[in-house]
1. Give me the residue from the stretch 1-54 that is in contact with a Pro (Cβ under 6 Å, 6 or more places away or on another chain) and charged (D, E, K, R) and, out of that set, nearest to D112 (Cα to Cα).
2. Which one is surrounded by the fewest Cβ atoms within 10 Å (Cβ to Cβ), of the residues in the stretch 253-297 that are over 20 Å from H213 (Cα atoms) and aromatic (F, W, Y)?
3. Testing E288 on (1) over 22 Å from T177 (Cβ atoms); (2) modelled with pLDDT under 95; (3) among the acidic types (D, E), one condition comes back false. Which one is that?
4. Could you tell me whether A330 is more than 24 Å from V116 (Cα to Cα) and part of a helix (DSSP H, G or I)?
5. How many residues does the stretch 1-34 hold that are in a helix (DSSP H, G or I), in contact with a Ser or Thr (Cβ under 6 Å, 6 or more places away or on another chain) and of a type outside the set (A, V, I, L, M, F, W, C)?
6. Just to verify a result, which residue in the stretch 230-246, among those that are among the small types (G, A, S) and in contact with a Leu (Cβ under 8 Å, 6 or more places away or on another chain), is farthest from M201 (Cα to Cα)?
7. With (1) within 21 Å of E204 (Cβ to Cβ); (2) outside the structural domain of V251 (by TED's automatic domain parsing); (3) not β-branched (V, I, T) as the list, and S277 as the residue in question, which single condition is left unmet?
8. Quick check on my filter: what residues within the stretch 133-175 are surrounded by 13 or more Cβ atoms within 10 Å (Cβ to Cβ), under 23 Å from I244 (Cβ atoms), more than 19 Å from the chain's Cα centre (by Cα) and aliphatic (A, V, I, L, M)?
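The values are calculated or read from the model by the stated rules, or taken from the named source; none is laboratory data. Note that the structure is a prediction, hence the values are computed from the model and not measured. Heads up, the Cβs are rebuilt from the backbone with ideal geometry, glycines too, and the neighbour counts pull from every protein chain shown.
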Amino acid sequence: MKIWFDADNAPHVLVMRPIALELTGRGHEVFFTARDRSSTCELLDLYGLPYHRIGGSSVKSGTCKIATTLMRAVSLTRAVRRIKPDLSFGHGSRSLPIASRMLGIPSVTMFDYEWVNPLIFNRFCRTILLPEVIGQDRAVEAGINTRRIRFFPGLKEQLYLAGREFAGVPSHIRELTGGKPYVLLRPPASTAHYHNPESEMVFEALLENLTGHGEFVTVMIPRSMDDPSTGQALKRGALIPDRILDGPELVWNASLVAGGGGTMTREGAVLGVPSVSFFMGRGGRVDEYLVSIDRLSILRDARSAGILDPSALKRSSRLEVSGDLPGYVADTILDRSAATAD
């Protein structure tokens, strides 16, 4: 079977890699398309995954987002038609299910934040993969078509972190930080549909606090180099890598991970690194779960961000998942008994 993976954003590369390896190990052919934004293509290069580059950066306007989604769907259809895939898989890519419908093939999606607009996924996806901690009740509340849902054990981050071993601090991280302990900072996603401007105020207070802490240096991973937060961070003395680095390795060696929501803070939570989120959108069930087991803390306001002390935080054990998670997801992707799109 020929299976098409669409990497729409940088974190999706890490999620997709072990699934793609599992499928190719079973004799299937996998190929990637990628949207050229937020280091997605650079990460595919880093991990040696060939791809077709289709589509670019994000836009803030709701109307423009719809137009961009549709235009990329058309571009994907034109580019992939000659390859003749049998099935497609994405992590929240909205253009992929539309393009797949145009090509007459089933599409499977995965996401772990239930408050996305599910309209496209409900209408065009054969299967919607969600972490089991979201649960049927929350999925119903979020308007996700429960006939299409398949729950998977654990969290998406455990797909690529489970069983991964880390050695000492790599030389490229020591060079970046001067050998000092560091905190890892990720700004809020200002172009995302769930963005709340309050998170920017928390970010500014946190940035001022962390860069003024003499015991640590601050390493920021920008969402884009033209994001205003990048200039703010540089002025405050934060360090920004001059090339794409392995994200889990950066997280594992950090003293603290702080982010405006998303994958990096959950990676820290899974690896036992102290993690705080200043995501100010509607709370998702995955983060609620991590808070409930003391793996994640939420910064609610600028005052809390201004007094956070990284030196007072301690690491915990890694959060493990039982079983073969990539194999489980691969089985679900291939499951022909799943509901077909209407």
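1. The initial filter retains those residues of the stretch 1-54 that are in contact with a Pro (Cβ under 6 Å, 6 or more places away or on another chain), namely 2, 4, 18-19, 22.
Among the residues that remain, those that are also charged (D, E, K, R) are: 2, 22.
On the way: K2: 26, E22: 21 Å.
Only one residue fits best here, namely E22.
2. Residue satisfying both the conditions and the ranking: Y289.
3. E288 satisfies all of (1) over 22 Å from T177 (Cβ atoms); (2) modelled with pLDDT under 95; (3) among the acidic types (D, E) except (2).
4. On the way: more than 24 Å from V116 (Cα to Cα): no; part of a helix (DSSP H, G or I): yes.
For A330, the condition - more than 24 Å from V116 (Cα to Cα) and part of a helix (DSSP H, G or I) - is not met.
5. Of the stretch 1-34, the ones in a helix (DSSP H, G or I) are 10-25.
Going one step further and asking which of them are in contact with a Ser or Thr (Cβ under 6 Å, 6 or more places away or on another chain), we end up with 10-11.
Right, trim to of a type outside the set (A, V, I, L, M, F, W, C) and you get 11.
Looking only at that region, the number is 1.
6. First, the residues of the stretch 230-246 that are among the small types (G, A, S): 231, 233, 237-238.
Then keep just the ones that are in contact with a Leu (Cβ under 8 Å, 6 or more places away or on another chain); that gives 233, 238.
Numbers: A233: 13, A238: 17 Å.
Only one residue fits best here, namely A238.
7. (2)
8. V169, I173
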